[in-house]
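Handing you a structure now.
The values are calculated or read from the model by the stated rules, or taken from the named source; none is laboratory data. The structure displayed is predicted, hence computed values, not measured ones. These area figures cover heavy atoms from the full protein model, side chains too; ligands, DNA and RNA do not enter into them. Shrake-Rupley method; radii C 1.70, N 1.55, O 1.52, S 1.80 Å.
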Amino acid sequence: MTSTNAAPGSIEYAWHAHVTVPGEGRAFAHGTVTVPITCCSDRVTREVAAWLRSQGSTVQLADIHLILAPNAGKAV
């Protein structure tokens, strides 16, 4: 889950999580996400969890950590 084109009025978060992958066990996942600036961190966490689950992983909300990252996803 990576976005590199933050629009005005949006904010970027880097995230990482420990997930369970069926048939593989525990794994570390990470990415960046761009959301409207009005989104609270709880909503962002739920959105990341929903995306991870849609990819077949099992994850608990407490296992997802967000980092406010104004330059996440941009080439340096």
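Hey, can you tell me all the residues within the range 34-47 that are open to solvent by 70 Å² or more (accessible area, probe 1.4 Å) and within 13 Å of Ile64 (Cα to Cα)?
Asp42, Arg43, Arg46, Glu47
Among the residues of the range 1-33, write down those that are open to solvent by less than 40 Å² (accessible area, probe 1.4 Å) and either of a type in the set (Lys, Arg) or at pLDDT 90 or above (or both).
Result: Glu12, Tyr13, Ala14, Trp15, Ala17, Val19, Gly25, Ala27, Ala29, Gly31, Thr32, Val33.
Mind checking which residues of the range 21-54 are under 29 Å from Pro8 (Cα atoms) and assigned to a loop (DSSP other than H, G, I, E, B)?
Ile37, Thr38, Cys39, Cys40
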